[in-house]
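Structure, as structure tokens:
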Amino acid sequence: MTGGTLEIVRPGPLTTVQDNGRPGLARLGVSPSGACDRPAYQLANRLVGNTPNVAALEVTLGGLVARFSRSCWVAVTGAPAPVVSAGRACAPYGPVFVPAGGELKIGVPAAGLRSYLAVRGGIAVPPVLGSRSTDTLTGIGPAPLQAGQILPIGDATAGPVAPIDLVPLAPLPQEPVIEIQPLRRPGWFADNALDALRDSYRVSPDTNRIGMRLQGNVIERAREDELPSEGHVAGTVQVPPSGQPVIFLADHPVTGGYPVLGIVRARSLPLLAQARPGQRLRLRVT
Amino acid sequence: MSLRVLPYGERALLIEVADHHEALALYDDIRREPPAGMVDLVSAAASVLVVLDDEESAAAAAPTLRSRSIPPVDRGVGALVEVPARYDGADLDEVAATLGMSVEEVVRRHETTEYVVAFVGFAPGFAYLTGLDPALHMPRRDVPRTRVPTGSIAIAGEYTAVYPRESPGGWRLLGHTTLEMWDLDREPPALLQPGMRVRFRRVTP
């Protein structure tokens, strides 16, 4: 079945459209963007039989209510949030049926920050520069969703809805360990700089899709000047003069000029995307 | 001489070079002959970042990139873009006073130079133009503006640039242009890309 829409009744604190983003456009000054917790986003699409890279919704701290014009299969992954379809509580991490005219509610997750709602067929808003992702840094792509907005449902399916009830997943750790590969460039940090990582860091409230600020021990720099601007990736750990690290996420600027301590390993990026403001995490150089 | 290639996380390689001339020459060279699995390439002030699709591609690309050399720096071969400029910027008088020259002198030095796009960053279509007359090198403003209008022509350090759209910014404003630096309906949307040459042409109100 094709066509149909979903209406955003309530968007919650921040809900954006996301897919695998728009990598490859650094020469235009465009960030890669895309779903922050990429494996969770991809799992949601697989659960409803979507083609890879079909757009889904990234729901920050829950609170989303959406009404479907026709019956539809959906799946919610990422931060484990209570899911209610037309008044019935459903398990997250599995295909969920929403009847025509039914409301889907995603509550506040017990842990984690970002849940992903995939709709069978995908969210069919027009792509911008090859992606439907909202880039919160540059404003490219659809704006964050607002109440009353109506989104078209597409027909980008690759197979049937997954014939399972739910996917077993390990719970999110209370104090995740984020592994960092050091950038071996001598001269920018004090010899004992890594000692600062012996204690955990607190995720600052000043944290978004662009980057995460951490509060904790000061990472001692060996010099106070800035680097010549250089390219960055999601996971770059920068240390500004305050010594409090900043880790870039999906909507990071293409270049930056603070010294780089290291880069978060790929397997830790999803944990980082799920770390809430106020939560503690550990940085470990591996 | 082999290139200095640093593993930059699991999926990227940072190549450090002397300056933006070398970065641009290397950037062009890698764009023409990319390593297998390259997903992005970022030219910057004194480095080129090669982003690959996975750890295996990065491991394979490192030795081949290391064995490359920086091609001869070839200046003035990129396409030339002429930017009509009205020198009416909010900081023009202050820049002239700080540098101890007349406004006319500041404008003359800015508009008689041919610039080269070293890299694009900060915002989509925001091109860092190199070649600024050293007499005009000034640090950013101590307090950045919360709102710099679209099309503002500005200077900071060794660079000049045009703000592609309204944004906060700490550069010193010399004037403005009506030329669209960023237009999503154009292919590519960014008017200026690394290696292009730029001249400002003074227009009078």
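The values are calculated or read from the model by the stated rules, or taken from the named source; none is laboratory data. Keep in mind that what you see is a predicted model, and the values were worked out from it rather than measured. Virtual Cβ from ideal backbone geometry, glycine too; neighbours counted across all protein chains shown. Heads up: the accessible areas ignore ligands, DNA and RNA and are worked out on the full protein's heavy atoms, side chains in. Shrake-Rupley method; radii C 1.70, N 1.55, O 1.52, S 1.80 Å.
May I ask you to list the GluC sites (Glu not before Pro) in the range B:14-114 that are in a DSSP loop and have at most 14 other Cβ atoms within 10 Å of their Cβ? Before the final figure, lay out each step's value.
On the way: sites: B:Glu16, B:Glu22, B:Glu55, B:Glu56, B:Glu82, B:Glu94, B:Glu104, B:Glu105, B:Glu111, B:Glu114; in loops: B:Glu114.
Sparse-neighbourhood loop GluC sites (Glu not before Pro): B:Glu114.
Which number do you get for Rg(Cα) / (2.2 N^0.38 Å) in the range B:33-95? Write out the running numbers ahead of the final one.
On the way: Rg = 19.2 Å, N = 63, 2.2 N^0.38 = 10.6 Å.
For the range B:33-95, the normalised Cα radius of gyration is 1.81.
If you look at just the Cα atoms of the range A:199-270, how large are its Rg and its Dmax in Å?
11.7, 32
How high is the relative contact order of chain A, in percent, counting Cα pairs under 8 Å that sit 6 or more residues apart?
Numbers: 790 pairs, mean separation 61.5, N = 286.
Over chain A, the number comes to 22 percent.
Please report Rg over Rh for chain A, where both radii come from the alpha carbon positions and Rh follows the Kirkwood definition.
Values: Rg = 19.6 Å, Rh = 19.5 Å.
Computed over Cα atoms, the ratio is 1.01.
Excluding A:Gln279 itself, what net charge comes from residues whose Cβ is under 10 Å from its Cβ, given Lys and Arg +1 and Asp and Glu -1? Intermediate results must be reported in sequence, preceding the final value.
On the way: positive: A:Arg202, A:Arg276, A:Arg280; negative: A:Glu175.
Around A:Gln279, the surrounding residues sum to +2.
Looking only at A:Val59, A:Val76, A:Val233, which one moves most when chain A is put into a Gaussian network model with springs between Cα atoms under 10 Å?
Highest fluctuation of the listed residues: A:Val233.
If you filter the range B:14-98 for trypsin sites (Lys or Arg not before Pro), then keep DSSP loop positions with at most 16 other Cβ within 10 Å, what is left? Mind dumping the intermediate values first?
Numbers: sites: B:Arg31, B:Arg32, B:Arg66, B:Arg68, B:Arg75, B:Arg86; in loops: B:Arg68, B:Arg75.
Filter output for the range B:14-98: B:Arg68, B:Arg75.
Given the options A:Gly121, A:Gly12, A:Gly148, state which has the largest fluctuation in a GNM of chain A using a 10 Å cut-off (strictly under) for Cα springs.
Maximum fluctuation in the GNM of chain A, among the listed residues, is at A:Gly148.
Lys and Arg at +1, Asp and Glu at -1: add these up for the other residues within a Cβ distance under 13 Å of A:Gly262 and post the number.
Values: positive: A:Arg184, A:Arg185, A:Arg265, A:Arg284; negative: A:Glu179, B:Glu10.
Computed value for this residue: +2.
Once you have the Cα-Cα distance between A:Ala158 and A:Glu220, take 0.36 nm times their residue separation minus that, and quote the gain in nm to one decimal. Please report the intermediate quantities before stating the final value.
Details: separation 62, 0.36 × 62 = 22.32 nm, distance 5.09 nm.
Working it through step by step, the gained length comes to 17.2 nm.
In Å², rounded to the nearest 100, what is the total accessible surface buried by chains A and B against each other with a 1.4 Å probe?
Working: alone 12310 and 10550 Å², together 20260 Å².
Chains A and B together bury approximately 2600 Å².
How much FRET efficiency would the formula 1/(1 + (r/R0)^6) give for B:Asp74 and B:Asp133, where r is the Cβ-Cβ distance and R0 is 25 Å, rounded to 0.05? Don't jump to the answer; show the numbers that get you there.
Numbers: r = 22 Å, r/R0 = 0.89.
FRET efficiency, B:Asp74 to B:Asp133: 0.65.
Kirkwood Rh and Cα-based Rg: tell me the resulting Rg over Rh for the protein assembly as shown, rounded to two decimals. Intermediate values should be presented prior to the final figure.
Numbers: Rg = 24.1 Å, Rh = 24.1 Å.
So for the protein assembly as shown, dividing Rg by the Kirkwood Rh gives 1.00.
Quick one: putting +1 on the C-beta of Lys and Arg, -1 on the C-beta of Asp and Glu, what dipole do you get for the protein assembly as shown around its Cα centre, in Debye to the nearest 20? The partial results should precede the final answer.
Working: 47 positive and 50 negative charges, 245 e Å.
It works out to roughly 1180 debye.
Assuming a viscosity of 0.890 mPa s and a temperature of 25 °C, what translational diffusion coefficient in µm² per second does Stokes-Einstein assign to the range A:5-152, Rh being the Kirkwood radius over Cα pairs? Could the numbers behind the result be given before it?
Details: Rh = 14.9 Å.
D = 165 µm²/s.
Within 10 Å, at most 15 other Cβ atoms, and a DSSP state outside H, G, I, E, B define an exposed site. Report the longest part of chain A free of exposed GluC sites (Glu not before Pro).
Values: sites that count: A:Glu220, A:Glu224, A:Glu226.
My reading of the result: A:1-219 is the longest stretch.
Quick one: angle between helix A:38-47 and the longest Cα principal axis of chain A, in degrees between 0 and 90, rounded to 10, please.
It is inclined by approximately 20 degrees.
Under the definition of partner shielding as Cβ atoms of other protein chains within 10 Å of a residue Cβ, what is the mean value for peptide A:218-231? Numbers along the way, then the final one.
Details: counts 0, 0, 0, 0, 0, 0, 0, 0, 0, 4, 9, 12, 14, 15.
Counting Cβ atoms of other protein chains within 10 Å of each residue's Cβ and averaging gives 4.
With an 8 Å cut-off on Cα pairs and a minimum separation of 6 or more residues, tell me the relative contact order of the range A:1-53 in percent. Numbers along the way, then the final one.
Details: 33 pairs, mean separation 12.5, N = 53.
Once normalised by length, the contact order is 24 percent.
For the range B:116-205, state which trypsin sites (Lys or Arg not before Pro) are in a DSSP loop and have at most 15 other beta carbons lying within 10 Å of their beta carbon.
In loop regions of the range B:116-205 (DSSP not H, G, I, E or B), the sparsely surrounded trypsin sites (Lys or Arg not before Pro) are B:Arg140, B:Arg186.
Can you list the residues of the range A:241-286 that have at least 40 square angstrom less accessible area with all protein chains present than in their chain by itself, probe 1.4 Å?
A:Thr255, A:Ile263, A:Ala266
If all Cα-Cα distances of the range B:58-205 are sorted into 10 Å bins from 0 onward, what percent lands in each bin, rounded to whole numbers?
The calculated distribution, bin by bin, is 11, 39, 31, 12, 5, 1.
Could you pull out the longest piece of chain A with no exposed loop trypsin sites (Lys or Arg not before Pro) in it, calling a site exposed if DSSP puts it outside H, G, I, E, B and it has at most 14 other Cβ atoms within 10 Å? All intermediate terms of the calculation are to be shown ahead of the outcome.
Details: sites that count: A:Arg184, A:Arg223.
The reported range is A:1-183.
Could you work out, residue by residue across B:61-74, how many beta carbons of other chains sit within 10 Å of that residue's beta carbon, and then give the average as an integer?
Numbers: counts 0, 0, 0, 0, 0, 0, 0, 0, 0, 0, 0, 0, 0, 0.
The mean count of partner-chain Cβ atoms within 10 Å per residue comes to 0.
So what's the angle, to the nearest 10 degrees on a 0 to 90 scale, between helix B:20-32 and the longest Cα principal axis of chain B?
It works out to around 50 degrees.
Which one of B:Leu49, B:Leu174, B:Leu192 has the biggest mean-square fluctuation once chain B is modelled by GNM with Cα springs under 10 Å?
Maximum fluctuation in the GNM of chain B, among the listed residues, is at B:Leu49.
Can you pull the mean other chain C-beta count within 10 Å for peptide A:54-62? Walk me through the numbers before you get to the answer.
On the way: counts 0, 0, 0, 0, 0, 0, 0, 0, 0.
Average neighbour count from other chains, rounded to a whole number: 0.
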